[in-house]
Amino acid sequence: MIGLYLHIPFCDGKCPYCDFYSMAGSDSLKEEYTRRLESLLTEWEGKLREKEGSYKADTLYFGGGTPNLLGASRLARLIENAQKGFLLENAEITLEANPTSRLDAFFEEMAAAGANRLSLGLQSAHEEELRLLGRRHTARQAAEAVEAARRAGFRNISLDLMMGLPGQNWEMLQESIRFCASLEVEHISAYLLKIEPGTPFWQKKSSLNLPDEEEICHLYLSACEELEKLGYFQYEISNFARPGFEGRHNLKYWRCEEYLGLGPAAHSYLGGKRFYYPRDLEGFLAGNLPVEDGPGGSPEEFCMLALRLREGLSEEIFRNRYEEEGVFLPERFWKEASLLEKAGFCRIEGEEGKRVLSLTPRGFLVSNSVILELTERI
Amino acid sequence: MAVSRDKIRNFSIIAHIDHGKSTLADRILEQTSAVALRDMEDQLLDNMDLERERGITIKAHAVTLVYHAKDGEDYVFNLIDTPGHVDFNYEVSRSLAACEGAVLVVDASQGIEAQTLANTYLAVDAGLEIVPVINKIDLPSADPEKVRREIEDVIGIPADDAPAVSAKAGIHIDQVMEQIVKLIPPPEGDPEAPLQALIFDSYYDAYKGVIAHVRLKDGTVHPGDTIRMMSTGAEFTVTECGYMRATKFEPVSELSAGEVGYIAASIKAVRDATVGDTITRADNPASSPLPGYRPVQPMVFCGIYPADGAKYPDLREALEKLQLNDAALSFEPETSVALGFGFRCGFLGLLHMEVIQERLEREYNLDIITTAPSVIYRITKTSGEVITIDNPTNYPDPSLIASAEEPMTNAHIYTPTEYVGNIMELCQERRGVFKDMTYIDSDRVDIHYRLPLNEIIYDFFDALKSRTRGYASFDYELDGYEKSDLVKLDIMLNGEIVDALSFIIHSEKAYSRARKMAEKLKDKIPRQLFEVPIQACIGGRIIARETVKALRKDVLAKCYGGDITRKKKLLEKQKEGKKRMRQLGTVEVPQEAFMSVLKLDE
C-alpha cells in the first residue's frame with residue numbers, strides 16, 4: 001500500500017522563512033496544473049498496474065504551497081481521479097491549508113469530496129510572531145477555521161507550530177501550545193525554525209534576535225513535555241498526536257514505505273528507487289520526467305528514518321527486512337546504543353532478538369549525531 | 001683527457017635566498033652555450049618542484065661546461081651548486097671541498113645576509129678563492145658601492161674588481177666568466193697517485209643505481225674498476241663514469257685528477273655512497289680518506305602517520321624510496337595508541353623535515369599526520385646509566401632521572417638595527433643566552449645567541465620573519481649539550497593520555513605551552529555527544545584544563561515533500577567529516593588537531 005502526495009505550488013505571498021517551492025498562480029495556470037496532475041495520475045496508475053499488477057494507495061496528501069488556493073472543485077477532481085485509480089476505502093486524505101477566514105464552504109466541499117484530515121498552518125498564537133513570520137492570518141481566524149472545519153465534519157485536524165522563533169521565550173511558546181490544545185485538535189506538528197539559505201530570514205539572520213542554542217533546546221524539551229501533559233504523544237521528532245491520530249501519510253516516510261509524489265519538488269520512493277520532479281513548474285507542465293535520486297531503503301537509511309519515530313527501530317522488523325541481504329544489527333551496535341541509553345539519549349526495550357531502540361526527546365535534539373554513531377556500527 | 005688540468009675551474013656559487021644564485025647559474029649556462037636558449041627552463045639547476053617553488057636548493061647539482069675565454073682558450077667550468085639552507089650545512093661544506101673557488105653573489109640592494117656569511121666563511125676555511133659579484137644592479141634601490149665596501153669590511157676580501165651585474169637582465173655576465181678564469185686556480189692533483197674521489201652528492205637512479213657526483217683529487221677511474229668506499233669498505237664495480245652536461249650525461253672512458261664527474265656502480269641506495277665519503281680503487285687504495293667525512297646524523301625527529309591507517313604500507317614504501325635518495329633520512333616503525341602504525345623519522349633539521357613531509361604528500365599522494373618534532377635529549381638515570389631520547393613516549397619516569405641535558409646551538413641573526421629589540425625579545429622567550437652583537441655596517445647587526453635547539457625547531461624561523469617583517473636572516477650550528485630542567489608534558493582527552501600529543505619541554509615553558517595547547521585543542525575538537533575534558537599534565541599533576549561542551553542540538557526537524565535524500569545527504573556529509581577524525585577512546589579528534597598544536601606561536 002503506497003502513499004500519494006500531490007504538491008500544490010501556489011501561495012498568495014511568500015513567507016520570509018520559507019524555502020518550499022511555491023509561487024503566485026493565475027486561475028488559468030491553476031487549471032493547467034490540475035490537468036497535468038490528473039493526466040499524471042492516470043499515467044502513473046497505468047504504468048504501475050502494468051508493472052506490478054495492483055498498486056493501491058491508502059493515503060493522499062495535498063501539500064504546498066497552499067493547497068486551498070487551488071480551489072475546492074479542482075481539489076475534488078483530483079481526489080476523485082486518485083480514488084478511481086489508487087484509493088481504497090478508509091484512506092487518509094489530508095489537505096494542508098492556511099487558516100484564514102471564510103473557509104466554511106471550502107471545508108464543506110472538501111469533506112463532501114472525501115477529504116478527512118486537515119493540516120492548518122497556524123505557526124503561532126501570537127500576533128507579533130505571525131506578523132514577523134509574514135503570515136496572513138490571525139490566531140482568531142485560525143480558531144474560526146478550526147470551528148468551521150468541525151462544522152464541516154472534520155474529525156482529524158492538525159495544527160502547525162514553530163519553535164525557536166525570533167524573540168520567542170518559553171511562556172510565549174507555551175501559550176501557543178495551550179491555544180492549540182484549547183481548540184482540541186487531534187494533532188500538532190511543532191517544528192524548530194531553520195533558517196534556510198536564499199530566504200529573507202537568511203539575509204537578515206544576524207539582526208533577527210534568534211534564541212541561542214541553549215534556549216532553543218530548552219524550548220524544544222519543554223514543548224515535548226507540555227504537549228505530553230496535554231495528551232499529545234510525541235510519535236516523531238516534530239509530531240505529536242492524540243492516540244490513534246498519528247499522521248498516516250508521514251508515517252510512511254519514516255517507516256521506509258513507498259509513496260508517489262507528483263508536482264515540482266515532489267519526491268517519490270517506489271520499487272526501491274527514489275526520484276523527484278525538479279523544482280520547475282514550467283518544465284513540469286511541459287512534461288519533464290522525474291529525476292533519479294539514487295536507491296532507497298538501505299539499512300542505514302531505514303535506521304535513520306526509524307529512529308525519528310517514538311516506535312523506534314525494531315530488531316525484528318529490521319531482521320525481516322534485511323536478513324536476506326545478510327545485514328543485521330550487530331552487538332557493537334547494541335553496545336553503543338546502551339552507552340547512549342546511559343547518557344539519556346535513547347531507550348532499549350524488549351528482550352534480545354526483539355529489542356526496540358528509540359530516542360528520547362534529548363536524543364531527538366542530537367539525532368543526527370546519535371544516528372551516525374549507531375549506523376556506523378551496522 | 002681532453003683538456004689539460006690547468007684549464008679546469010671548479011667552483012660553487014654562494015648566495016643568500018633570492019639574491020640571484022640560480023639566475024646567475026642560468027646565465028653562465030647560456031654563455032657557455034651549454035643549453036640552447038629554447039631548451040632553457042628558468043633556473044635549470046633547481047630540479048625539484050619544491051626547490052623551484054621555495055627558491056631554495058636542497059640538493060647539490062653539478063654541471064660541466066666549456067667556456068671560450070677572451071684569451072682565445074677553452075676552459076672547462078665545473079659549476080657545483082650548493083644547498084642553500086642551514087639544515088644542509090654539511091652538504092655545503094662537501095660541495096665546497098670539491099672546488100677551488102666560489103662565486104659570492106651579493107644583492108646590491110640588500111647586502112650580505114647571514115646565510116651568505118656563514119657559507120662564505122665555510123669557503124674561506126676550505127681555502128677557496130672568493131670571486132665576489134654584485135648582482136641586481138638594475139634595481140632602483142641598488143647601491144653597489146656600499147655593498148662593495150661591505151664585502152671588504154665584513155668578509156675582508158678585496159672587492160674593487162667585483163663585477164657589478166644583473167643576472168636577470170644579462171648585464172656584465174662576461175666579466176664574471178673572465179673573473180672565474182683569472183682568479184680561481186686550476187685544480188692540483190696527481191693522476192698517477194692512488195684514487196681519491198670525494199662524493200659531494202649522490203642520488204638514486206632507477207636504471208643505473210646510485211649515481212655519485214665526485215671530484216677526483218688524485219688518481220683515475222674507469223668503467224670496470226673495482227672501487228671501495230673508504231668509510232665502510234664496501235666494494236663495487238664501476239659500470240659507467242663521465243661528465244654531467246647541462247642536459248645529459250656524457251660517459252667517458254676515464255675520469256682523472258682535478259675533474260668533476262659521475263660514477264655509477266650498481267649501488268643500491270645512497271646510504272652506500274654518502275656525501276663526504278671518499279672513493280678509492282680496490283687494487284691500489286689510497287692510504288687515507290679525504291678529510292672531513294662525517295656520518296649523517298639526524299638532529300630532529302617526529303612521528304609520521306598515515307591519515308588513513310590502511311595506507312601504512314604505502315607510507316613505508318614512500319619512505320623507502322625517499323631514503324634511496326636521502327641518506328640523512330632515517331625511519332623506524334613506531335606505534336601510537338592515538339594514531340596507530342607509523343614511523344619515527346629523523347631529519348637533519350626542520351626544513352629537511354618539511355621537505356620530506358611535502359614530498360610524501362605531493363609526490364606520493366599520501367595524507368599524513370605528523371607529531372611534534374623532538375630533538376635528542378640526554379638523560380642520566382639515578383642508576384648512572386645515560387640514555388638518549390628522541391621520542392617523548394620513551395621519557396623515563398621523573399623519579400628515575402638524575403639529570404637531563406638538551407642540545408644547544410650557536411646562533412647568528414643578521415638584522416637591520418631597528419629590529420634588534422624584537423629579536424632579543426624573541427630569543428629571550430626562547431631561553432636564549434645573549435653572547436654578543438657586532439655591527440656589520442651602520443644599520444645592520446649580527447646578534448649572537450646561544451639557543452636550545454628545541455626552541456628553534458618549532459616555529460622560530462616563522463616568528464623571526466614575522467617580527468622583523470622578513471628582514472632578518474638566521475643561521476645556527478650545533479654547540480654541545482647543556483643541563484636543563486626538562487619535563488614531559490602529556491595531554492589527556494576524557495582522562496586518557498594521547499601519546500601523539502606528548503612532548504618534552506623546559507619546565508618554565510610548560511605552563512604557557514600547556515595552556516595554549518589546551519585552548520587550541522578546544523577550538524579544534526568539535527562538540528560531541530559527550531563533554532570532553534582536555535587536560536594537560538606533568539606526571540600526575542594537571543596544569544591546564546579546558547572543556548569541549550557536549551553537543552546540544554543537531555537535528556533535522558522538517559521533512560519536505562518526502563525528500564529523504566536531502567536528509568541522507570546531510571548525514572552523509574556529516575559522516576564524511578567523521579571519517580577524517582581519529583577515534584581516541586570515546587573522543588573524536590580531527591586530524592588537523594594534531595597538526596595545529598605544532599604551530600602555537602600565532
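Estimate the FRET efficiency between B:GLU358 and A:LYS84 by the formula 1/(1 + (r/R0)^6), using the beta-carbon distance for r and 60 Å for R0, to the nearest 0.05.
Numbers: r = 69 Å, r/R0 = 1.15.
Given R0 = 60 Å and the Cβ-Cβ separation, E is 0.30.
Unpartnered cysteines of chain A (Cβ-Cβ under 4.7 Å counts as a partner)?
A:CYS11, A:CYS180, A:CYS217, A:CYS224, A:CYS256, A:CYS303, A:CYS346
Which value, in nm² and rounded to one decimal, describes the direction-averaged projected area of the C-alpha convex hull of the stretch A:335-378? Don't skip to the answer; put the middle values down first.
On the way: hull surface 11.6 nm².
The number I arrive at for the stretch A:335-378 is 2.9 nm².
Nearest 10 degrees, 0 to 90: what angle lies between the long axis of helix B:507-524 and the longest principal axis of chain B (Cα atoms)?
For B:507-524 against chain B, the angle is about 70 degrees.
How far is helix B:312-324 tilted off the main Cα axis of chain B, in degrees rounded to 10, range 0 to 90?
So the inclination is approximately 20 degrees.
Within a Cβ distance under 14 Å of B:SER399, other residues only, what is the Lys/Arg minus Asp/Glu net charge? Can you show the working numbers first?
Working: positive: B:LYS381, B:LYS488, B:ARG541; negative: B:ASP397.
Within the 14 Å Cβ shell, the charges total +2.
Calculate how steeply helix B:350-362 sits against the longest principal axis of the alpha-carbon atoms of chain B, using the helix alpha-carbon long axis, and give the answer as 0 to 90 degrees to the nearest 10.
Helix B:350-362 and the main axis of chain B meet at about 80 degrees.
Distance between the C-alpha centers of the stretch B:352-399 and the stretch A:278-343? Whole Å please.
47 Å
Taking springs between alpha-carbon atoms closer than 10 angstrom, which of A:THR94, A:THR138, A:THR199 fluctuates most in the Gaussian network model of chain A?
Result for chain A, Cα springs under 10 Å: A:THR199 fluctuates most.
Loop only by DSSP, 16 or fewer other Cβ within 10 Å of the Cβ. Give me the trypsin sites (Lys or Arg not before Pro) in the stretch A:98-137 that pass, ordered by residue number.
Details: sites: A:ARG102, A:ARG117, A:ARG131, A:ARG135, A:ARG136; in loops: A:ARG102, A:ARG135, A:ARG136.
Loop-located and lightly packed - A:ARG102, A:ARG136.
Determine Rg/Rh for the protein assembly as shown; Rg is computed over alpha-carbon atoms and Rh is the Kirkwood hydrodynamic estimate from the same atoms. List each step's numbers first, then the result.
On the way: Rg = 39.3 Å, Rh = 34.6 Å.
That ratio is 1.14, to two decimals.
Taking only Cα atoms and a 10 Å spring cutoff, compute GNM fluctuations for chain A and point out the largest among A:GLU300, A:GLU323, A:GLU92.
Among A:GLU300, A:GLU323, A:GLU92, the largest mean-square fluctuation in the Gaussian network model of chain A belongs to A:GLU323.
Over 19 Å between C-alpha atoms is what I'm after, so list which of B:LYS21/B:LYS136; B:LYS146/B:LYS168; A:LYS252/A:LYS342; A:LYS335/B:LYS567; A:LYS194/B:LYS568 land there. Kindly include the intermediate steps, with their values, before the conclusion.
Details: B:LYS21/B:LYS136 11 Å; B:LYS146/B:LYS168 21 Å; A:LYS252/A:LYS342 30 Å; A:LYS335/B:LYS567 25 Å; A:LYS194/B:LYS568 17 Å.
Result: B:LYS146/B:LYS168; A:LYS252/A:LYS342; A:LYS335/B:LYS567 exceed 19 Å.
Using Cβ contacts closer than 10 Å as the measure, can you line up B:ILE505, B:ILE180 from fewest to most? Write out the running numbers ahead of the final one.
Details: B:ILE505 25, B:ILE180 22.
If I rank by nearby Cβ atoms, fewest first, I get B:ILE180, B:ILE505.
So for the stretch A:239-378, Kirkwood radius off the Cα pairs, Stokes-Einstein at 25 °C and 0.890 mPa s: how many µm² s⁻¹?
Numbers: Rh = 16.6 Å.
It diffuses with D of about 148 µm²/s by this estimate.
Net charge within 11 Å of A:LYS354 by Cβ-Cβ distance, Lys/Arg positive one each and Asp/Glu negative one each, not counting A:LYS354 itself? Write down the numbers at each step before the final one.
Numbers: positive: A:ARG319, A:ARG355; negative: A:GLU315, A:GLU316, A:GLU349, A:GLU351, A:GLU352.
It works out to a net charge of -3.
Over all distinct Cα pairs, what is the inverse of the mean 1/r for the stretch A:2-252, reported as the Kirkwood hydrodynamic radius in Å?
Numbers: mean 1/r = 0.0527 Å⁻¹.
Its Kirkwood hydrodynamic radius stands at 19.0 Å.
For n ≥ 4 DSSP H runs only, could you compute -39500 (n - 2.57) per run for chain B, divide by its residues and tell me the 222 nm figure to the nearest 500?
Working: 14 runs with 144 residues, N = 602.
Only helices count here, giving -7000 deg cm²/dmol.
Counting C-alpha atoms alone, how compact is chain B: give Rg to one decimal and Dmax as a whole number, in angstrom.
27.2, 93
Mean shadow of the stretch A:299-378, computed from the convex hull of its alpha carbons, in nm²?
Details: hull surface 17.9 nm².
Averaging across all directions leaves 4.5 nm² for the Cα convex hull.
Considering every residue in B:570-576, what mean count of other chain Cβ atoms within 10 Å of its Cβ is obtained? Spell out each step's value before the answer.
Working: counts 1, 9, 2, 0, 4, 6, 0.
What the average comes to for B:570-576 is 3.
Just for the stretch A:2-252, what percent of DSSP beta bridges are antiparallel, to the closest 5?
Numbers: 6 of 33 bridges.
Expressed as a percentage, antiparallel bridges in the stretch A:2-252 total about 20.
Run lengths n ≥ 4 of DSSP H only: what is the helix-derived mean residue ellipticity at 222 nm for chain A, with -39500 (n - 2.57) per run over all residues, to the nearest 500?
Values: 15 runs with 158 residues, N = 378.
-12500 deg cm²/dmol, from helical runs alone.
Using a Gaussian network model of chain A with C-alpha springs under 10 Å, which one of A:SER26, A:SER189, A:SER101 is most mobile by mean-square fluctuation?
With Cα springs under 10 Å in chain A, the top fluctuation among A:SER26, A:SER189, A:SER101 is at A:SER26.
Need one word for the stretch B:63-166: rounded, prolate or oblate. Basis is the Cα gyration tensor (sqrt eigenvalues a ≥ b ≥ c); a/c below 1.5 gives rounded, then a/b vs b/c decides. Numbers along the way, then the final one.
Values: a/c = 1.75, a/b = 1.11, b/c = 1.57.
Judged from the Cα gyration tensor, the stretch B:63-166 comes out oblate (a/c at least 1.5, b/c at or above a/b).
Laboratory data are not the source of any read-out in this text; all were calculated from the coordinates shown. The structure displayed is predicted, hence computed values, not measured ones. Neighbour counts run over all protein chains shown; Cβ positions are idealised from the backbone, glycine included.
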